[in-house]
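Colleague: One structure coming up, written as C-alpha cells, with questions to follow.
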Amino acid sequence: MTDLRNQRRMASELLKCGVNRVWMDQDRLDEIAKAVTKEDIRILINGKAIKTRAIQGISTNRKKYAKSQKNKGRRKGHGSRKGAKYARMPKKERWIKTIRPLRSYLRKLRDEKQISPSVYRKYYMKAKGGEFRSKHHLETQLISGGKIKGGKQ
C-alpha cells in the first residue's frame, strides 16, 4: 500500500476540508500516487478520482420523538422535573389559565341573553373569589342553579 498522506494533505487544501473528509477512488490509487504537484491533484479532483465526503450530521429524530411525547403529556413524572412546582407553573399563570375562560364564558352567556346582568355579576364575583375549578364546574353550577335559559350549551 502506497503512502498517500501528501496527496491527501494537498487535496484537503484544495477542497477546503479536513484530511479525513478526502475520499480517494480505490481503483485509481496508483494514478493518485503518481500525482506530485497541486496541479496534478486538481486534475484528479476534476476527474472525480478525489472527492469531498459529506459532513456527518446529527440526527434530531430522538429529540423530535421526545418532544412529541411531552406534547402528549408523557415524560413529565417526578424524575424528569427540575425546579419547584410553582417554578414550573407559577400560581399567577395557573390563575390566568383558569379565570380567562370563565370570564369569557360568562360574557358570552350575558351577550346572548342566556343569563341576566345581575346573575352575570354574581357569578363573575364568585369566579373572582376562586369558587370554580374550571369552566365545566361553572357550567354545572349555572345549570343546577337553573340560571341558564334553555339548558346546556
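The values are calculated or read from the model by the stated rules, or taken from the named source; none is laboratory data. No experiment lies behind these values; they were computed from the predicted model shown. When we count neighbours, we look across all protein chains shown, and the Cβ atoms used for this are built from the backbone with ideal geometry, even at glycine. To get the accessible areas, we keep the full protein, side chains included, count just its heavy atoms, and leave off ligands, DNA and RNA. Shrake-Rupley method; radii C 1.70, N 1.55, O 1.52, S 1.80 Å.
Colleague: Could you please find all residues in the stretch 49-82 being surrounded by 10 or more Cβ atoms within 10 Å (Cβ to Cβ) and in contact (Cβ under 8 Å) with a residue 24 or more places away in the chain?
Modeller: Scanning the stretch 49-82 gives Ala49, Ile50, Lys51, Thr52, Arg53.
Colleague: While we're on this one: Pull up the stretch 83-92, narrow it to residues that are surrounded by fewer than 11 Cβ atoms within 10 Å (Cβ to Cβ) and within 22 Å of the chain's Cα centre (by Cα), then point me to the one that is nearest to Arg133 (Cα to Cα).
Modeller: Ala87
Colleague: Can I ask one more? May I ask you to list the residues in the stretch 102-123 that are open to solvent by 50 Å² or more (accessible area, probe 1.4 Å) and in a helix (DSSP H, G or I)?
Modeller: Arg103, Ser104, Arg107, Lys108, Arg110, Asp111, Pro117, Ser118, Arg121, Lys122
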